[in-house]
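Structure first, commentary second.
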Amino acid sequence: MEHVRKVLELLYDRPAGFFSTDELARAAACSRGQVAEALQQLRQTGHAMEISPTEGVRLIRPVRLDPHLIERRLGTSRIGRSVICFEEVASTNDVAAEAGWQESADGLVVLAEWQRSGRGRQGRQWLSPAGENVLMSVLLEASPRPLPHEAITIAAGLAVAEGIETACGPMGCELKWPNDVLIEHGKVAGVLVELRRREERRFVIVGIGINVGASPPIGEVDARATHLAAHFGDMVERIEVIRGVLRKLEKWVSVVDGGELDSLHDAWVSRCGMINQRVTVISDGVRHIGRALDVNPLVGLVLSCDDGRCVHIPAERASLVVSPA
Ligand code: BTN
């Protein structure tokens, strides 16, 4: 219903202030009765509101994930053509894959307030308290040629770093190969790219976890974790972070599709503090120690090993990167 959407938009677009019923009715061009009906419907769909007898009504932040608020004026043509938000799923990557088997769903975005069994790389868990963070998967299938896993992993990490900065302000988000986004050395986001294939059909799921309102429970993660609100304050809005990331993902996926990997490489490396540093990488159970020379969008980390060899380590198989060694 159009007036329900309009009332939601008005409330969302006024982060701190209240709206009186009269004001909402005027701005949404509907009756006071329709405003009351809209507010009731929005509450029923989970939007929490504060009601003041003198000031009116406002949305309580963080605003619940809402497809309309994410899709509206997004300005992308591919990523986010369709957005679905769930209260709870096992893993958004699995839900996106399931949708991909059912029908053509290129650009589909799946979000959840909570995951029962969120996955990180290398079989690790991805933990996130309900309703605080971004748990998102994007399905990609209509690329002109198979998307190189390596390139899409780093494109997604770059999109997350840039999307966060667009939404929150410049912060110098760093990238740590293969897929971590860091703020002041703390991990704020991670990317898990999965390829699904059945006979002739194949697609890529880009899973993105961003800590916005809360870090994972202490003691449950091995790396130093942080969250956006710790750096930018409580007014960081998840929906804006999601929109920022989707726009940047559209840009970088099209760069990969177009084969312009140099620009991806340059933008990625300019945010990476690992280049020329000593690192230890474990890949396929083998420990490599040396100096990180480069990150290549097709072959992965280029490492000059202490034993004189130069090796290429693909992101998919790197199980541990410690820097400095
Ligand atoms: C990592 O840093 O290890 C990658 C973490 C990826 C987590 C996201 S959350 C949304 C999507 N669904 C999952 O189960 N995992 C990814």
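Every number in this text was worked out from the coordinates using simple rules, so none of it is lab data. Keep in mind that this is a model prediction, so the values were computed, not measured. Every residue, glycine among them, receives a Cβ derived from its backbone with ideal geometry; neighbour counts consider all protein chains shown.
Limiting things to C-alpha atoms, what are the Rg and the maximum Cα-Cα separation (Dmax) for the range 2-59, in angstroms?
So, for the range 2-59, Rg and Dmax equal 9.9, 27 Å respectively.
Calculate one ³J(HN,Hα) per residue across the range 20-32 by plugging θ = phi - 60° into the Karplus curve 6.51 cos²θ - 1.76 cosθ + 1.60, and present them in order as whole Hz with x for glycine and proline.
Working through the residues one at a time gives 7, 4, 4, 5, 4, 4, 4, 5, 8, 6, 9, 7, 4 Hz.
To the nearest 10 degrees, how steeply does helix 238-257 sit against the main Cα axis of the chain, on a 0 to 90 scale?
Approximately 40 degrees, to the nearest 10.
Using 0.36 nm per residue of separation minus the Cα-Cα distance, give me the extension gain between E260 and E2 in nm, one decimal. The partial results should precede the final answer.
Working: separation 258, 0.36 × 258 = 92.88 nm, distance 4.17 nm.
Net length gain for the segment: 88.7 nm.
With the crude spin-label approximation of a point 7 Å out along Cα→Cβ, what separation in nm comes out for D13 versus S77?
Label-label distance for D13 and S77, simple model: 2.6 nm.
Taking R0 as 41 Å, what FRET efficiency do you get between S117 and N276 from their Cβ-Cβ distance, rounded to the nearest 0.05?
0.60
For the chain, what does the alpha-carbon gyration tensor say about shape, rounded, prolate or oblate, given a ≥ b ≥ c as the root eigenvalues, a/c under 1.5 as rounded, and a/b over b/c as prolate?
The shape class here is prolate.
Give the lysines whose C-alpha is closer than 25 Å to that of K187, dropping any in the same chain fewer than 8 places away, or say none.
K176, K248, K251
Give me, ordered by chain and number, the residues 5 or more places off G120 or on other chains with an amide H under 5 Å from its own placed amide H.
Residues meeting the criterion, in which the H sits 1.01 Å from N, are Q125, W126.
Provide the packing ranking of 6-14, 245-253, i.e. peptides ordered by the mean count of other C-beta atoms within 10 Å per residue, highest first. Walk me through the intermediate numbers first.
Working: 6-14: 18.8, 245-253: 23.2.
The peptides rank, most packed first, as 245-253, 6-14.
Could you sort 16-22, 110-116, 207-213 so that the peptide with the highest average Cβ count within 10 Å comes first and the rest follow in order?
By packing density, highest mean first, the sequence is 207-213, 110-116, 16-22.
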